[in-house]
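The values are calculated or read from the model by the stated rules, or taken from the named source; none is laboratory data. Note that the structure is a prediction, hence the values are computed from the model and not measured. When we count neighbours, we look across all protein chains shown, and the Cβ atoms used for this are built from the backbone with ideal geometry, even at glycine.
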Amino acid sequence: MTDHKRDSHATTIGEKTLRPESLMMSYGYRPELSQGAVKCPIFQTSTFVFKSAEAGKAFFEIAYGLRKQDPHEELGLIYSRLNNPDLEILEDRLTLWDGAEKSAVFESGMSAISTTFWTFLRPGDIVLHSEPVYGGTDYLLKRILPQFGIRAVGFSARTSQQSLEKLLEDREIRGKTAMIFVETPANPTNDLVDIAACVHAAQKMSSGGRRVLVAVDNTFLGPLWQQPLTLGADLVLYSATKYIGGHSDLIAGVCLGSAELVGQVKGMRTILGTMASPWTGWLLLRSLETMKMRMTAQMKTARYVADFLADHPKVERVYYLGHLRPEHPHYAIYRRQCSAPGGMIAFDIVGGEAEAFRFLNNLQLFRLAVSLGGTESLAEHPAAMTHSDVDPEERQEMGITDKMVRLSIGVEHPEDLIADLEQALAAL
């Protein structure tokens, strides 16, 4: 792991601990192993040559758990479905922001979530989940998992602690729950779920050898503004397509946590074949270098945009974490588990779908598209787009109405974004 100058996994200079944004440039990479290239090359290969038959045998023994890995023994490169230099370096760097032991990278956010579910859920299990969640996750929970005998039971993100405590009164739910899955802030309402309360509930439900896991989808705030593992969560999940990728040019997902749990997820990933490609890994390595700058700029600009919307007569309500006040039921949660409000805003326009569509169709600088977290600002209509497959009655209960518009703030100048919103609202 070392060359004659420095350890590629060093996190200090003398007594100074380096910050993650500095380590994104070099952590885990040794240029001398790649002809001195300052950036990690793309290892676009399916398979790797063994130095000897004995080495190949040893690698497979570790990869398939045929024997225990020695403390100083590394898993050698075998096949890009198991491991690849781009993914290994990327997975090392991703652990730094969240304070995780290990991470696993996937070809999409949904593959990260689904592979995690298949790793830890079995027929007869119950997964408790907050609502609302991303539409694809909602579909997986309510339409796919039940086909395999796994029951999904939702609780409101708006009243998460009370809803969760009420569910725990049901003995069947307490006895069969294997995982609590939460998305916080919720997509698209920005409702917060108390991660620490979920951890406490999971501990109450765990007994004997049965451990109830807490998994958190942290996509909306990203690893900069919220670190669920430090709050006691077992696993944190991302659609890395969003803020981690940050350029709307890749699809990827991430699962982070302890070495034990992520090791199990990686075992399932190997068999399902849901790992990211070397090209995706290389693009994410590029993106990590600017993630803090991008997310900081987006967060700062979002505040200007949210303030403008809050004062506009054609806007009924704004859903933005930076506007939470002490009297709001989620204010204490926000202060406890978030370090910034992020770059996502939703708002209710005065009117309904017709007015929302007219507004969206008149935008010029904002792009009318789904997804989020990219350098460009995006606008979409959750009820008709990202959450269209959620049951209509449930959408209403969650607050995802026909008058709601969701904005993802990019890195453009805030005054230009506000000018675009102003002219689009004037079209109403």
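Here are the numbers for the structure shown:
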read-out: Residue 59, sole failed condition from (1) farther than 17 Å from residue 80 by Cα; (2) free of Cβ contacts under 8 Å to residues at least 40 places away in the same chain; (3) surrounded by 13 or more Cβ atoms within 10 Å (Cβ to Cβ); value: (1)
read-out: Residue match in the stretch 28-47 (condition: more than 22 Å from residue 94 (Cβ to Cβ), in contact with a strand residue (DSSP E or B) (Cβ under 9 Å, 6 or more places away or on another chain) and in a loop (DSSP other than H, G, I, E, B)); value: yes
read-out: Close pairs from the stretch 264-288: first without any contact (Cβ under 8 Å) to a residue 60 or more places away in the chain, partner surrounded by fewer than 22 Cβ atoms within 10 Å (Cβ to Cβ) and not charged (D, E, K, R), Cβ under 7 Å, at least 6 apart; value: 287/247
read-out: Test: residue in the stretch 418-428 that is farther than 17 Å from residue 363 by Cβ, without any contact (Cβ under 8 Å) to a residue 12 or more places away in the chain and part of a helix (DSSP H, G or I); value: no
read-out: Filter pass, residue 123 being of a type outside the set (Val, Ile, Thr) and either modelled with pLDDT under 95 or not assigned by TED's automatic domain parsing to the domain that holds residue 159 (or both); value: no
read-out: Members of the stretch 314-347 that are of a type in the set (Phe, Trp, Tyr) and either farther than 22 Å from residue 98 by Cα or at pLDDT below 95 (or both); value: 319, 320, 331, 347
read-out: So residue 43, is it at pLDDT 90 or above, in contact with a helix residue (DSSP H, G or I) (Cβ under 6 Å, 6 or more places away or on another chain), over 18 Å from residue 104 (Cα atoms) and of a type outside the set (D, E, K, R); value: no
read-out: Check on residue 298, buried (at least 17 other Cβ atoms within 10 Å of the Cβ), over 19 Å from residue 374 (Cβ atoms) and not small (Gly, Ala, Ser); value: no
read-out: Selection count where residues are closer than 19 Å to residue 63 by Cα and among the small types (Gly, Ala, Ser), scope the stretch 74-123; value: 4
read-out: Scope the stretch 335-356; condition closer than 28 Å to residue 198 by Cα and buried (at least 18 other Cβ atoms within 10 Å of the Cβ); matching residues; value: 337, 338, 340, 341, 342, 343, 344, 345, 346, 347
read-out: Members of the stretch 177-226 that are part of a helix (DSSP H, G or I), out of contact with any helix residue (DSSP H, G or I) (no Cβ under 8 Å at 6 or more places or on another chain) and among the hydrophobic types (A, V, I, L, M, F, W, C); value: 202
read-out: Candidates 69, 35, 44, filtered to the one that is touching a residue at least 40 places away in the same chain (Cβ under 8 Å) and loosely packed, with under 15 Cβ neighbours inside 10 Å; value: 44
read-out: Filter result (in contact with a strand residue (DSSP E or B) (Cβ under 8 Å, 6 or more places away or on another chain), surrounded by fewer than 23 Cβ atoms within 10 Å (Cβ to Cβ) and of a type in the set (D, E, K, R)) within the stretch 114-165; value: 122, 125, 142, 151
read-out: Residues of the stretch 220-264 classified as crowded, with 24+ Cβ neighbours inside 10 Å and within 18 Å of residue 293 (Cβ to Cβ), total; value: 8
